[in-house]
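Comments concern the structure below.
The values are calculated or read from the model by the stated rules, or taken from the named source; none is laboratory data. As the structure is a computational prediction, the values presented were derived from the model and not from experiment. Cβ coordinates were reconstructed from backbone atoms using ideal geometry, including for glycine residues, and neighbour counts include every protein chain displayed. For accessibility, only protein heavy atoms count, side chains too; no ligands or nucleic acids. Shrake-Rupley method; radii C 1.70, N 1.55, O 1.52, S 1.80 Å.
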4 protein chains.
Amino acid sequence: MSTAFVTTRRVEFSDTDAAGIVHFVAFFRMMEQAEHDLLRSVGLSVVMHDLAGTVSWPRVSAKCEFTAAARFEDLLEIEVRIARLGKRSITYAHRFLRDGKELATGEITAVCCRIKDGKPPKSIDIPAAMVKKLKPFVPSH
Amino acid sequence: MSTAFVTTRRVEFSDTDAAGIVHFVAFFRMMEQAEHDLLRSVGLSVVMHDLAGTVSWPRVSAKCEFTAAARFEDLLEIEVRIARLGKRSITYAHRFLRDGKELATGEITAVCCRIKDGKPPKSIDIPAAMVKKLKPFVPSH
Amino acid sequence: MSTAFVTTRRVEFSDTDAAGIVHFVAFFRMMEQAEHDLLRSVGLSVVMHDLAGTVSWPRVSAKCEFTAAARFEDLLEIEVRIARLGKRSITYAHRFLRDGKELATGEITAVCCRIKDGKPPKSIDIPAAMVKKLKPFVPSH
Amino acid sequence: MSTAFVTTRRVEFSDTDAAGIVHFVAFFRMMEQAEHDLLRSVGLSVVMHDLAGTVSWPRVSAKCEFTAAARFEDLLEIEVRIARLGKRSITYAHRFLRDGKELATGEITAVCCRIKDGKPPKSIDIPAAMVKKLKPFVPSH
């Protein structure tokens, strides 16, 4: 059983830099976009509103290791798994491929928080309904 | 009497693209940054809060004409004038120079709006205190 | 007969700003992406290599008028027409819609240039094979 | 003796997102900008040309841990140290502060490479003249 969510991104010209390849920060943008695609695929969003206000997911860490360059117009396949589904946080693990060859791997950890205007985000337990929808993406599931 | 506000920006590597020059959208980012530098120089901000909530400046139009390319690490001088100080809107005119040579000119028109969560921005008259601080940047002043 | 090329973009979280809506420079990025989608649809690219080197399309002007805000996760439809197919330049006209409602319109003019390392781009006539492929997108065609 | 290079960045509006805070990828952009500021301060650049062509520094890994949010117009202090000065690679360590309070820490590892058009970057030894200029930023120096 495959537990990876798979999405794709075409490298845009604005993702490249004067070295002629994709600028490294574009990979972080695509990692986040892939996470949001995963959430959207099960009816969730990284910003959700309930009666008590807004629930969102500030990032506490992000990393990426690059093994090969990507170029303008490359079609990248991005695999996303949930490496850890914690009580209040999620670690997403990402893998970038082009024609089956791995280009980069990364991880983002985000914390479930209640957001109120002008106040620091406050961590809360991930709502049970959300946990249920995300479990299929946990490899050990 | 000079009515231009002048600020500078160093071209960052992430502003460049695979053609080896500054990507055109970076000029729009710098135009907005220069506008915000101008506002900050007289104690204003593009997002201000009063008792009634938030006042901000959605853009209704933006344009730029490019006459020469900029490159990584170039130090750009950006002149900003207020081409039109309307009742509810401001048109900023920008000029980019490198070593005294003009690279690009642009304009952004922004409308003074009251912002409320989840509702479309609603235009309001520019507060008198703000008009007073901005008049020195109007060339016909 | 429809002469518009139509493509779509999902608004990403990184396209938004602290006003809660899509930042205006994201529209310029999407305008360029839509132009590149159009070129790709007929087997062309904004950066092409021939025996004599590289042919690319520096922008000489870009503008956009904004009539309504776009928000995170909106699915935008982008129409692209070729407003003017000149001897050495192309003016693309863009229209953004969400659920059939127009949000913004823009234009980008790009010049066909031969690019050599360290030299300013030099304008050339648009190759005949390219003109032929682009004519269907000219409304007056 | 302080071995940190210190630079500053003002948070721009385009760095923020719809959660009202600085988007996490902006930290990676600022980490790279701070590295380039360090290089420029000793007469070096991340892209240098010699008789044999171009020498640049593709990134092989990047990471950042976020402990507090930054907001529009915050003035951030960025400390950069060289955590490891290898034979062919450099690991830069970054620390973001606002009013003396730490907001984030990160690391970028870049490899010294000869760049040739259309070929994968090829790692080379860091030139001796460059090593000499960078040693003062190595804490154990």
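Can you give the alpha-carbon Rg of segment C:101-141 over 2.2 N^0.38 Å, where N counts its residues? Before the final figure, lay out each step's value.
Working: Rg = 14.8 Å, N = 41, 2.2 N^0.38 = 9.0 Å.
Against the compact-globule rule of thumb, the ratio is 1.64.
Please report the carbon-and-sulfur percent of the accessible area for the protein assembly as shown; probe 1.4 Å, protein heavy atoms only, DNA, RNA and ligands left out. Spell out each step's value before the answer.
On the way: 13210 of 25000 Å².
The nonpolar share, carbon plus sulfur, comes to 53 percent.
For chain C, what is the charge dipole size about the Cα centre, in debye to the nearest 20, if Lys and Arg each add +1 at the Cβ and Asp and Glu each add -1 at the Cβ?
Numbers: 21 positive and 17 negative charges, 157 e Å.
Here the size comes out at about 760 debye.
For segment A:1-56, what is the largest minus smallest coordinate of the Cα atoms on each principal axis, given in angstrom and ordered from greatest to least?
Sorted largest first, the three principal extents are 48, 34, 13 Å.
If you average 1/r across every pair of different Cα atoms in segment A:63-136 and take the reciprocal, what Kirkwood value do you get, in Å?
14.4 Å
So the label point sits 7 Å from Cα along the Cα-to-Cβ vector; using that for A:GLY53, what distances do you get to the other copies, in nanometres, sorted shortest first?
1.8, 5.6, 5.9
Between C:GLU73, C:GLU107, C:GLU32, where does the largest GNM mean-square fluctuation fall for chain C, given springs only between Cα atoms within less than 10 Å?
Highest fluctuation among the options: C:GLU73.
Given R₀ = 25 Å, FRET efficiency for B:ALA4-C:THR67 by Cβ-Cβ distance, to 0.05? Working shown, then result.
Working: r = 30 Å, r/R0 = 1.21.
It comes out at approximately 0.25.
Find every distance from the label point of D:ARG10 to the corresponding label point in the other copies (7 Å from Cα along Cα→Cβ) and write them in nm, one decimal, shortest first.
1.6, 3.6, 3.8
Collect residues whose amide H, placed 1.01 Å from N in the peptide plane, falls under 5 Å from the amide H of A:ALA70; neighbours closer than 5 in sequence don't count.
Amide H neighbours of A:ALA70, under 5 Å, 5+ apart: A:VAL22.
Check the straight Cα-Cα distances from C:LYS122 and name the lysines below 29 Å, setting aside those fewer than 8 residues away within the same chain.
Here the lysines satisfying the reach criterion relative to C:LYS122 are B:LYS63, B:LYS101, C:LYS63, C:LYS87, C:LYS132, C:LYS133, C:LYS135, D:LYS116, D:LYS119.
Hey, any idea what Rg/Rh is for chain D, computing Rh the Kirkwood way over Cα pairs? If you can, show how the numbers build up before the last one.
Values: Rg = 16.0 Å, Rh = 16.0 Å.
Expressed as Rg/Rh, it is 1.00.
Need one word for the protein assembly as shown: rounded, prolate or oblate. Basis is the Cα gyration tensor (sqrt eigenvalues a ≥ b ≥ c); a/c below 1.5 gives rounded, then a/b vs b/c decides. Can you show the working numbers first?
On the way: a/c = 1.16, a/b = 1.05, b/c = 1.10.
Note, shape of the protein assembly as shown comes out rounded.
Given points 7 Å out from each Cα along the Cα-Cβ axis, report the B:LEU75 to A:LYS116 separation in nanometres with one decimal.
For B:LEU75 paired with A:LYS116, the spin-label model returns 4.7 nm.
If one takes the longest principal axis of the Cα atoms in chain A, at what angle in degrees, from 0 to 90 and to the nearest 10, does the Cα axis of helix A:24-41 lie?
50 degrees
Anyone know which of C:THR105, C:THR16, C:THR54 comes out most mobile in the 10 Å Cα GNM of chain C?
Maximum among the listed residues: C:THR54.
If amide H atoms are built 1.01 Å from N in the plane of the peptide, which residues on other chains or at least 5 residues away come under 5 Å of the amide H of B:ILE124?
Here B:CYS112, B:CYS113, B:ARG114 satisfy the definition.
Counting partner chain Cβ atoms within 10 Å of every residue's Cβ in A:8-15, what's the average? Before the final figure, lay out the partial values.
Numbers: counts 0, 0, 4, 1, 7, 13, 13, 5.
Per residue, the number of nearby Cβ atoms from other chains is 5 on average.
Using +1 at the Cβ of each Lys and Arg and -1 at the Cβ of each Asp and Glu in segment A:1-83, identify which of A:GLY43, A:GLY53, A:PHE27 lies farthest towards the dipole's positive end.
A:GLY53
Put a label point 7 Å from Cα along the Cβ direction on A:ARG40, then list its distances to the equivalent points in the other copies in nm, shortest first.
Spacings between copies for this position, smallest first, are 1.6, 3.3, 3.6 nm.
Among A:PHE96, A:PHE27, A:PHE72, whose mean-square fluctuation peaks in a Gaussian network model of chain A (Cα, cutoff 10 Å)?
A:PHE72
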